[in-house]
Structure formats: structure tokens, C-alpha cells
Amino acid sequence: MYQAAKHSSKLQKNGLDDDLSLVEGSTSASHRLSLYDQPPLYDITVEDFETSALDRLRILAEIESSAARNRSWEETKQVTITQCGKYLPLNSNSALGIDLQSERRKDQLGHFVLRLAFCRSEELRRRFVKAETTLFRVRYETDDSNERRAFLDSKDFNWISVGSEEKNKYQAQLTHFAPGKSDTERENAFKSEPFYKVKWTTIPDLVDKRKVFMKGGFAYVPAREQASIIYAAFEERLDAALLATSRAIPLVDEETRLNPILDNLAQGFTAGVPSDWHFPLCMRVLHQTLRRDRHIQHFGRLHYGLFLKVLGLKIDEAIIFWRKSFAGGKGSDKFDKEYRYNIRHSFGLEGGRRNYPAKNCLQLHTAHEAGCPYRQLENSPENLQSALLSTYSGQGLTLDDLPEIMTQVKKKAYHVACTRVFEITHSRHVKKGEGLGDGESVTHPNQYAARSIELEKDSQEPKMEVD
Amino acid sequence: MASSAELDRVDPTAEDVLLNYYRRLYPFKQLFKWLNRGPERTEKESRLFPYREFAFTLRNEAYLRYNSYPSDIEMKKHVCLLTPSRFEIGPVYSAQPKDKKTVRPTHFKAEKREVVFDIDMTDYDPIRTCCSDADICKRCWAFISIAVDVLDKAIRDQFGYNQLLWVYSGRRGIHLWISDKEAFELTDNQRKAMVEYLTVIKNGKEPGKRVNSRVGSRDLPPTLKDAIEAVREPFDDLILQDQDCFGSQEGFETLLSLIPDKKLVSRLREKWSQTPDSPSYTKWDEMKAEIKALKDKTARQTMRHAMEDIVLQYTYPRLDAEVSKHRNHLLKAPFCIHPKTGRICVPVDPRRIREFDPAKVPTVGQLLAELNASNSNNNGEHLEDWQKTSLKPYIEMFEQYANSVQEKPKMDLSW
């Protein structure tokens, strides 16, 4: 896969410029929202292929973790908007001075590459559809209302506008679903509220709450509930498209170039660069530094890299991860010269070819750089406290927990402090004093993360269905 | 003809009784036609009947799942061999259920099945006053007939399904099978939505408000307005007159617990404690008068809503929702014998549900006796065995239904 990326520049056919090859019709690019019914029909460099997918994957992963963390819809929406702003900006037609075409092209490309990667099993398809539908919903809700109207008018959602004759025939029933707080308000709103008719099976989530008028197998949907139809249509179409793709994929003769990338992408969604939610403070600090500075020092790379390796990151994924994480990375020569060797070395693929284990707590305590934060920040308690709060407040750590942790730090019982943080942030599963389970305390960052992942998996185990 | 006392002694779980019934009377042919959505037995391509699960309850209560057969002929053979006390129909899977152990689990999925509903008299125990538990009489059947009425109308009118088969369960309940192609192909999620749309009463033993009918203080949605109109008369007849649901201390306390207006409750309680046994319709009228006398318009409105909810709570169909939500649920096949009563699970015409009397449904003992009697006076005309018994009208009804559930209309090339 690395080789594919390296030779990417040669793959640009006849040196055609990217923008020139954008010959695809105006349909998908004229709106910000897309149902992705037009595949990209232009030449793509392997690099673009990969980057667009990876950037989109970040967002989908964040959406998934929002669901796992039980974030409210507003929070999820906010997080997603922020992430999109960073990795996958998509501006409305009214935005000035922005290359809308290239934004939309990236959006489309990423979507279609991930389809290839995630059509391969039912589980992956289900998760992908769920995450994509959420992303679509966020964008739909935040879309400019005029542009949204234009988008809706350009598509056929199999809905039938309810004509005035029919509307009047069911006036008594339909008025019930018109917007308004009182009967009079609803009666007034009825006249101006358009209604749409769809097969009830397309909008089960409105039917079950009796939010629509039902007649002869059709649901009469007031315009304000229209979004439900769109989301359902989006979901249904994507579902069908993924299934079709999965049937077609054995025909794709792309053994050497694309298949390895697709394999990795699919893994990225299943395991991949894991969510830092499960990491102990030392690794969270390194992760945050890397995210903020787009760089960390040698020992940070070593400690964090080994940690991720033991967590299950494959060599290919590791290279993608680090390349993406470094400023100006993305296949630049600098990255290849300076870091690629080191990463491969730590995986036992270069030099002494030793498969190095990840550093344990004892080693991190004595490390001068990128070591145990409880120890390194012992003498600046304010910094430690603010690091703890900013890192873990989303996971249940509060101001009241700090004194207890700081006492342990002062006693130089760093592992006790770390264990206590684990208990607090996993209070749904472990009680105080239980540590990682059976009173075991933290001796290794990987042990911390593995246990955390295990607990989350247990709690998400689907219940057996009983006939 | 044997006397009814003699007939009652026929054990509906005895091997010879079951064997005789399955061999001579059970309508396997019609069952096949219905489930295969077409009569072509030879058609190799059919992925309907051969992919359908049947589950048997043997006479020793052992339960055999994942049976499947290429056609009714093989099924009849096996059923006569096993002589199960009853059997259930499951979904159509993506592979033949008998091969379940050899196909990959990902290739064995419940794909299609009729939408089914189950209404059981036991869910009416908190409100019926005539019987309890497994008992049922003509009087409490009225609850079932209201339920059939309301559901049948709602499903035909609102969901647009027409192929509805109502089947008496043999003791105290009724099943509904919807075979319309669209219904047959609904996903679990869509089934769940349909059930929830039709579910208004939360089942449970404890008294108290169980109705989930409206959003906040809004009017009833159209579907429940229709239902209320349909049950207003039966409510008077059944709840106020026949069952006399509020004719006792316990009964009217339940009613009071459903009234949100505290002052009104204490006024009524004071009045009714004087005459706790006064008939329900008197109490109902007294409550209505109290509501009319309310000065505050919103209070009157709230009470009007509460009254609607009370009517719904006492008459709206009580569904066993879990049965309907998943495709892989099993439901007893029509024409099985109820092991306790010996009665046959016969189809019921929803338009004549009020006339239906569960006590008049033929028992297996009665049918076999009729068959024996007919053998002795054979007048030469060739009839199928079932045509000689009182099972005839029911099987004819079933046959008609099976004929209506045909996916591809048979091409007629002869003219």
C-alpha cells in the first residue's frame, strides 16, 4: 500500500490537471447536499483516493464515538460540524472566495471510496449507513433553507404532493398534524401547510408515533416532518447501493493498487486508530500534543507508537496514521526520510529487527521526556489538575475528585492516582477500590486501555433475542 | 351420533385421535396453497413453502424447530409420523430451515412472513368481571369481537391491506394473519412501527392508566377518533351494562383513579360510597353531569379527554405486541387442535364476529364422530372427508382465503 502511494504521481494520466478532469455533470456539485447518486467519473490520484477517504473516516469515526458516548443530538451535531470544518469543509453556494467545486469533489470522492471499503460485510454496511445518515442529517439541518429547497426540488423522493381536492377531503384529519399549539392555530396553519403522500413503509419512525395521517397504505406527511422522508430515503438508497457495490466488488481488478488501501480503510473503521477515549493520561497527553502541534518529539513518538502498536495498530495503519498526523506529512519526502524508518524499526522491520514491547509504567516514570504526567507534573499541581479536568471531564471526572488524586500524587503513588482516575471515568462498570478489576492497579498504559475497551464491549453486547 | 358427554371424553392429545385428524381432516393442501402463494407444487423454483419453518410440539411436550418440506405431501407424511399435539408456522428463511446446521449462519436469515397479531383474553383480566385466566364465555368474547372490529377496520382502511385471516386460537384468543405481499415483506423495523401505531394500551396486571393515546393535551389522532366512534356503542352495552365494570367498590375506584381532576374525584367518591353497588351506567351519567357542571373551560376539556381515554382503556384492542414485531416469531397454525379444549383453531369471518360463539366451534372428538357416522351412510357421491363434517364451512373459508393470496395470477391459455 505504501508503494502505491509513493508512485501516485505517475498514475495521473498524461499529466492531466485535476481540475480539468472534473467533467462530471453539474447535478451533484450544484448543491451542497448530495444523495451520492453520481459516482466520480474522473481520474483520481491514488493519493487523493486515500486522503479523501481518511478525512471522511475521521468524521464518521467521531460520529460513531458520539453515539457510543451517548452524546445528545445537539452535542453530536456540534462536534460533527467542528470536525467537518477541519477535515471536510463543505460550504454553501453563497460562500465567497472558496473553491466549492474541489470541496464538493472531495466530499463525493471520500464517500464513494468508503463505500468500496465498507460494503464488504453486513456489519460494516450497517455502521457505515448509520454514520453517513447522521452526517447527512447534520448537514441537512445546517443547510441554508433556500439551497435546501433547491436541493429537494432537484430530486425525486417518491413523494406525491397532496392536491387541494384531496387535502380538503381529509381536512378534519390532516388539521391534526398541522403545526400549531392550539386547535385554532392548527386550523389556520392547515391552509398554508403543504402535505406529502408516501408509502408508509418508507417512514416507519413517523408512523409508530402516530405523527402522520394514514390512509390506504399511504402516510400523509406535513411539510415540517419532511426531513424524516429525506433521511429515510438517504438511508434506503445508500443501503441498496452498498449491497449492489458488494456484489460488484469481486469484479474490480485492482489487486495491487486499491485493494490494500480499501482493506486498511475498513480496518480503520473496525479497529484502526482507536479512540483516545480509552487511553490513560500519559497517552492522552501525547495524543493531544500530536493533534495540537502536528508533531511530537522522538520519545513521544516512541512511547506513543509502541503503545498503539500493542493496541493493535498494523504497520500500514501506523504509517498512514503518522503521515496524516504530521504537519505537511501526506507522503512528503521529509516524512519518508525521517520517520518511516523509525516506525518500521519499532515494528521490528528494520535494523535489529526486534519487536519492541510497549513501555510500562515503571519505564515511563523514569523517562525524562514524554513519561508519566502524574510524575512529571508533580511540581506544578495546577497544570496537572487542569490537564486532568480538560481530558476527563467529559468522562465523569469533576472538580471534587481532584483533591483525592492530588494526595496520591504528593505521596508519589502515581499508579494509585492513575488507577483512581480509571475508576472515576469507568464508574458505570467499576466501583471505588476495584481498580482495573479485582483491585488490580495500573502498571502499564496498554493494560489500562485494553481493560477500558473490554468494559465498553461488555456493556454493548447485544442481548440475545428470544423467540 | 355420540352424545356430547361421550365426545368430551375424547382425549385431544391421544395419538390415534391426532393421527386420524391429520390424516383425514387437516387441510394440508390449502395450507400449502396459502403459504406457497400459489398452487404449483411441482415448481422447483419456489422459495416460499420449502423455505418456511414449521415447529412441532410433540405429545411429550418436546419442541422440534426448523422443519421444512418441499410440499404439503411430504409435510403431511411427517406430521402423521410425529403426530404432534400442535404445530406453529415460522418465517420464510433465506435457506431451507432443515439445512440450518449446514448453511453458514450469515446465510440463514428470517426474510419474510405474514404480519401476525395475537389478542389474548388474559390481557383483559383487569377489566372483565365475568371470568378470569383461561376461562372464557360468550360474554367476554364481546371484548374480542370489539378488538377484531377495530383492528380489522384500521388495518384495511389505514394500512390498505386486504388479505386478513382471523383465526380463533381454540380457547381464549384470536390470531390475525396478514398475507398481502407488502405486509409479507415488511422488515422488523416496519413491523414494529405498525404494531406501535396500533398499540394504545400498555398491558399489565396493576390497575391505573394504561392508555397512551395523545400528545400532551392534544386531541386524539384521527385513527383513535375513528376507534372511539366505533366503540362508543359497545362501551355502553358491554362495559356499562353487561360487564358492569364500575358496579362495585373496586370497580369504581379504578374509574376514579383514571380521573385527573382531584376535586371531582372526591365529590364522586363521596356520592358513590353511599351506593357502591349502583349500576355502572348511573355512575357514568353522574360523572358526565359533574363534568358538564364544571365552570372552567380547560378543566372541562381535560375531563373530556380523560373520558375518551377511559373508553379506550376499556374497549381498545389489547395486543400482545412482541408477537408481531419480529419476523422470526412462531405462531400456531390454523386448524390445529387446542390441546386443552380439543377445539379446532378455525378461521373467523370478521364481519360476523359478533355472532361467533367459541363454544360452538367443533372439537376433534365431534369431528371424528361425524366422520364415522358418515361412513355408514355413504350415498356414493365422492366427497373429501372434511366435506362430510362440520369443519366444511371453515375449510371452505380458508380455501377462499388461500386462493386470494396468489402472487402470480395463473395464466389461462385455454379458450
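Some points to look at:
- Amide H to amide H distances under 5 Å link residue B:86 with B:57, where only residues 5 or more positions off or on other chains count and H is placed in the peptide plane.
- One Cα centroid belongs to the range A:304-325, the other to the range B:319-362; the line between them spans 61 Å.
- Applying 1/(1 + (r/R0)^6) with r as the Cβ-Cβ distance of residue A:72 and residue A:413 and R0 = 30 angstrom yields a FRET efficiency of 0.20.
- In terms of other Cβ atoms within 10 Å, B:19, B:198, A:399 run from fewest to most in the order A:399, B:19, B:198.
- Shielding value for A:192-205 is 3, the average number of Cβ atoms from other chains within 10 Å of each residue's Cβ.
- Length gained on full extension, residue B:19 to residue B:138: 39.7 nm, using 0.36 nm per residue less the C-alpha separation.
- Violating pairs (Cα-Cα greater than 24 angstrom) within the set A:169/A:211; B:77/B:98; A:314/A:412; A:181/B:225: A:314/A:412
- The relative contact order of chain B comes to 24 percent, based on Cα pairs under 8 Å that sit 6 or more residues apart.
- Debye-sum result for the protein assembly as shown in log10 I(q)/I(0), which assumes one identical scatterer on each alpha carbon, at q = 0.05, 0.07 Å⁻¹: -0.43, -0.80
- For the range B:230-241, Karplus couplings with θ = phi - 60° (6.51, -1.76, 1.60), whole Hz, Gly/Pro x: 6, 9, 4, 5, x, 4, 4, 5, 7, 7, 7, 8
- Relative protection proxy for A:293-302, B:342-351, A:134-143, from highest mean packing down: B:342-351, A:134-143, A:293-302 (other beta-carbon atoms within 10 angstrom).
- Under 5 Å, built H, 5+ apart or other chain: amide partners of residue B:348: B:166, B:167, B:168
- Note on B:158-167: average number of Cβ atoms from other chains within 10 Å of each residue's Cβ is 3.
- Karplus-derived 3J(HN,Hα), 6.51/-1.76/1.60, for each residue of the range A:314-326, Hz, glycine and proline x: 7, 4, 5, 5, 4, 5, 4, 4, 5, 4, 5, 7, 8
- Note that the range A:373-390 has calculated 3J(HN,Hα) couplings of x, 4, 7, 5, 9, 3, 8, 10, x, 4, 5, 4, 4, 5, 5, 4, 5, 5 Hz, one per residue in order, obtained from phi through the Karplus relation 6.51 cos²θ - 1.76 cosθ + 1.60 (θ = phi - 60°); glycine and proline are x.
- In terms of packing, defined here as the mean over residues of other Cβ atoms within 10 angstrom, the peptides A:148-156, B:23-31 line up highest first as B:23-31, A:148-156.
- Per-residue mean of C-beta atoms belonging to partner chains within 10 Å, peptide B:188-196: 4
- Packing-based ranking, highest mean first, of A:313-319, B:256-262 given that Cβ atoms within 10 Å are counted: A:313-319, B:256-262
- Other-chain or far-sequence residues with amide H under 5 Å of residue B:332's (modelled H): B:89
- Exceeding the 32 Å Cα-Cα cut-off - candidates B:112/B:388; A:155/B:100; A:457/B:101; B:153/B:332; A:77/B:153; A:130/A:155: B:112/B:388; A:155/B:100; A:77/B:153
- Packing-based exposure ordering (other Cβ within 10 Å, fewest first) of B:266, B:132: B:266, B:132
- Euclidean distance of C-alpha centroids, the range B:160-203 and the range A:187-224, integer Å: 21
- Relative to the current alpha-carbon distance between residue B:293 and residue B:59, full extension at 0.36 nm per residue lengthens the span by 78.0 nm.
- Residues B:179, A:121, ranked from the fewest to the most other C-beta atoms within 10 Å, line up as A:121, B:179.
- Part-to-part distance (alpha-carbon centres) for the range A:50-118 and the range A:420-435, which is given in Å: 34
- Computed Rg/Rh of the range B:201-315, alpha carbon atoms with Kirkwood Rh: 0.94
Each reported figure results from applying straightforward, stated rules to the coordinates on display, with no laboratory input. All values derive from a computational prediction rather than experimental measurement. We place every Cβ from the backbone using ideal geometry, glycine too, and count neighbours over all the protein chains shown.
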